[in-house]
Each structure stands twice: as structure tokens, then as C-alpha cells.
Amino acid sequence: MNANRKLKMNFAGRFIDLLGQQMYGGPVQSVAELVANAWDADASGVDIIIPENLTKNGAEIVVKDYGKGMSFEEVNQYYLYIGYERRQRGEKTSGDRLVMGRKGIGKLAGFGIAENIIIRSVQDRHVVQFDLNYTELKAQPSLEGFEFTPSV
């Protein structure tokens, strides 16, 4: 037996389906999870805009929070780390709130109701914006190390 051989765990794009669309299969659960994320960002408030006709082509649900925002590095290290569980570690926010996040998958909640999620974070006048597209992620044979370019 060769001790230098290593086994590597991986996960397919279908993982997004299991943790997004199937877990948060409706607008109430999806929006509630996004509001919980705002709490964990020390948001002082949250604006939610829901169109009258959600079935209309191009309809958008907007959840805008007034939290501390994330730097590019924080987005990479924490937000895009699927399964990072802050609550389990007993973490508090910088505003001394106990975090609500439990499983580290709330960022996928939008896939319960949307094909495309646009994340825009502003911290110290620096903007990081990127899209997460359900079809694109689900089609990946592996999401390990999946890279994409921010739009801003």
C-alpha cells in the first residue's frame, strides 16, 4: 500500500440543487434566510422589494441590507465557503450579535426562487459584485475550486 496516495472528496454541481432549490423551495423560506444573513452582517435595516407579478419574465426580488459589507477577501474566505458555520463556533458579529447562520448554506437560499442571484457588497466604498447562476453551477461536474470573475 502506497502511503503517498490520497483520496479526494469532491462535490458535483447538483449539490447546489440539493442545498438551494430543494431546501429553500419557496419565497418565504428563501427571503427569510436572506434576512437572517443581513442580521449576521450587523444590518441596521433591511429593504425587501417584491414585484406584484412574480411570474412575469424578468421579475426581481430585491433584499437590500444595511450591514457592514464584505471585502473581496471576506467574500472569498467566508461567503463563498459553502458550509462555513459561524454559529457552531460560537462566533458573534462585530456588533456583538449572536449569529443566526447554522449550516453555512444560506447564501444558496435565493436558488429556492431564482435562477440568478446577484450579490453586491459595499465596504469602505469598495464594491464587490458577482452573479451566481443556478444553471451554470448545477451543470458543473465539480464545484471544487470553481472560479468566476466578479462583475464589479
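The values are calculated or read from the model by the stated rules, or taken from the named source; none is laboratory data. Please read all numbers here as calculations on a predicted model, not as lab measurements. Cβ: placed from backbone, ideal geometry, glycine included. Neighbour counts: every protein chain shown. Quick note on the areas: whole protein, heavy atoms, side chains included, nothing else; ligands and nucleic acids left out. Shrake-Rupley method; radii C 1.70, N 1.55, O 1.52, S 1.80 Å.
Of the residues that make up region 84-94, is at least one under 22 Å from E115 (Cβ atoms), of a type outside the set (D, E, K, R) and more than 15 Å from the chain's Cα centre (by Cα)?
Initial filter on region 84-94 (under 22 Å from E115 (Cβ atoms)): none.
No.
Looking across region 82-94, just one residue is under 21 Å from V128 (Cβ atoms), open to solvent by 50 Å² or more (accessible area, probe 1.4 Å) and at pLDDT 85 or above, and that is S94. Whenever a residue of region 62-83 is within 19 Å of F146 (Cβ to Cβ), it has no partner that is buried (at least 18 other Cβ atoms within 10 Å of the Cβ) and among the acidic types (D, E) lying with C-beta atoms less than 7 angstrom away and at least six residues away or across chains.
Going by the structure shown, is P141 under 29 Å from A12 (Cβ atoms) and touching a helix residue (DSSP H, G or I) at 6+ places or on another chain (Cβ under 8 Å)? Even if it seems obvious, please write down each step before you answer.
Values: under 29 Å from A12 (Cβ atoms): yes; touching a helix residue (DSSP H, G or I) at 6+ places or on another chain (Cβ under 8 Å): no.
For P141, the condition - under 29 Å from A12 (Cβ atoms) and touching a helix residue (DSSP H, G or I) at 6+ places or on another chain (Cβ under 8 Å) - is not met.
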